[in-house]
Amino acid sequence: MNPLNFAILDYVALPIFVLRPDPEGRPVYAFWNRAAERLGGRPREEVLGHTAREVYEGAFGEAAYRRHMEVMATRTAQTYDLLLDLDGSATEVQTTLSPILGHDDHIIAIVGTSTIVTPIRAAQQKDIETLARVERARREMEQYLAFAAHDLRAPMRRILGLSELIRDELPEDATEAREIADLMSEVSEKAQDLIGEVLDFSEASNAEERIESFELHLLCRDIFTVLDPRGQHDLDAQEIRLTADRTALQIILRNLVDNALKHAGKDRVRVRVRTDATNEGLDILVEDNGKGLPGGTLDFLDGKPFEYGHGFGLLGLRRLLGMRKGQLSATQPEGGGSVFRVHLPGTRLA
C-alpha cells in the first residue's frame, strides 16, 4: 500500500491510522493522518515504520501493541476505550481496529480510527418543554462544576510542586517552615482528590446507555493499565463475556478500583473483579483486601441522604445505577477489605 493512496485522509478530522505487518509479522504504522498527529502528539515521521510499543513507551504502548497483535491473530475487529492525559486533563478515547483480509484470509492491513468521548454531553431536548428546561439547567450546572474542577486541578498541582520545592530548599533547622510546607502539600493532595471525585460524579451523571457484548477481563485490563501503569498492585478480572451497558460498567469499575488503590496508600493491594450468578440480571463483585470502607459508606449505599465525606464519586455511581434500574451495595468481610456488588440489567455469556 502506497501512503500516497491515503493522502486524502489528511483532510478528515477524525484520527485515522493504518497498520501493516512487517517481514517479522509485527504490526507497524504505515499511515498516520494529521488528526492522529494532533491527538497522539507524534509527527508521522516518528511513527511510520514503528510499532505502538516503539512509539509510546510504557504501559500505553504495551496495551496498544497487545490490541494490534490480537487483531492480527484473530482477524476480527476490536473496539476499546482508554483514558489518556491530554493537555493536562483526563480524556476518554475510543479506538476501533478493523482488519483488511486478502484472498488467502491473511491480514493485509489494519485500519484504526479514534474518537474522543467527552464526559460532559450536551443537554438533550425533551418532548415536554418543562422537563427540557429542568434537564438543561441541571446539565449546565454540572458542566460548570466539571469545568471549574478542571480549572482548579492545574493550580492545585502547582501548589503541590511549589510546596515540595520550598521544603527541599529549607535548611535542616527550619522546623516550623517545614511543617507549613508539609501542610500545603497535604491540603493540595486532598483538594486534588476532591476535584477528581467531582469529575467522576459529572461523568457518571451524564453517561448515555449503550448495550454491548464484551469481555470483562479486557475491559478491566484497560482500566488497570490506566490506574496502575507500573503494575504495583495485584489486579485481576474474570475471563467471561457479558452483554450489558458497557459504558456504565466501565465508569463504575474505574471508580471502585481507583478508590481501592487510593485508600491503600503506599500498601500493595489485591483487587478481584468477578461475576456472581446468584441473582437475576448481572452482578459484578469488586473485592479488595485494603483498609475497609470509610465511615458512613454502608449507610449511604443503603439509601441514606448524601453527606460530605461520602464522596461525590459514589453519589454519581448511585445516580448512574438508579437511572438503569441497578443497585450498588457493599460489605466488609471479617478478615478485612471490602466487597462491592454492582447489579445491572444484563447477561453472562460464559
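Things to note:
- Positions within the stretch 272-323 being at pLDDT below 65 and either touching a helix residue (DSSP H, G or I) at 6+ places or on another chain (Cβ under 7 Å) or surrounded by 16 or more Cβ atoms within 10 Å (Cβ to Cβ) (or both), in sequence order: F306, H310, G311, F312
- Matching entry among L9, L48, L19 (being at pLDDT 90 or above, surrounded by 16 or more Cβ atoms within 10 Å (Cβ to Cβ) and farther than 30 Å from R254 by Cβ): L48
- Residue that is modelled with the lowest pLDDT, among those in the stretch 101-128 that are among the β-branched types (V, I, T) and either touching a Leu at 6+ places or on another chain (Cβ under 7 Å) or under 20 Å from R66 (Cβ atoms) (or both): T115
- Residue selected from the stretch 16-47 under the condition within 19 Å of V71 (Cα to Cα) and part of a loop (DSSP other than H, G, I, E, B), by the criterion nearest to the chain's Cα centre (by Cα): R26
- Residue selected from the stretch 188-206 under the condition touching a Lys or Arg at 6+ places or on another chain (Cβ under 7 Å) and within 22 Å of M323 (Cβ to Cβ), by the criterion modelled with the highest pLDDT: N206
- Matching residues, the stretch 340-350, being in a strand (DSSP E or B) and modelled with pLDDT of 85 or more: F340, R341, V342, H343, L344, G346, T347, R348
- Any hit, the stretch 225-239, residues being exposed (fewer than 14 other Cβ atoms within 10 Å of the Cβ), in contact with a strand residue (DSSP E or B) (Cβ under 8 Å, 6 or more places away or on another chain) and either modelled with pLDDT of 60 or more or closer than 30 Å to R324 by Cβ (or both): yes
- Among the residues of the stretch 324-339, those identified as modelled with pLDDT of 85 or more, surrounded by 11 or more Cβ atoms within 10 Å (Cβ to Cβ) and either among the aliphatic types (A, V, I, L, M) or closer than 27 Å to E209 by Cβ (or both) are G326, Q327, L328, S329, A330, V339.
- In the stretch 254-269, the residues that are touching a residue at least 60 places away in the same chain (Cβ under 8 Å) and either within 19 Å of R348 (Cα to Cα) or surrounded by fewer than 16 Cβ atoms within 10 Å (Cβ to Cβ) (or both): K262
- Residues of the stretch 207-214 include none that is within 21 Å of R324 (Cβ to Cβ), touching a strand residue (DSSP E or B) at 6+ places or on another chain (Cβ under 8 Å), modelled with pLDDT of 90 or more and assigned to a loop (DSSP other than H, G, I, E, B).
- Residues of the stretch 57-84 classified as part of a helix (DSSP H, G or I) and acidic (D, E), total: 2
The values are calculated or read from the model by the stated rules, or taken from the named source; none is laboratory data. Note that the coordinates shown come from a computational prediction; the quantities given were computed from them, not determined experimentally. Note that we place each Cβ from the backbone using ideal geometry, even for glycine, and neighbour counts take in every protein chain shown.
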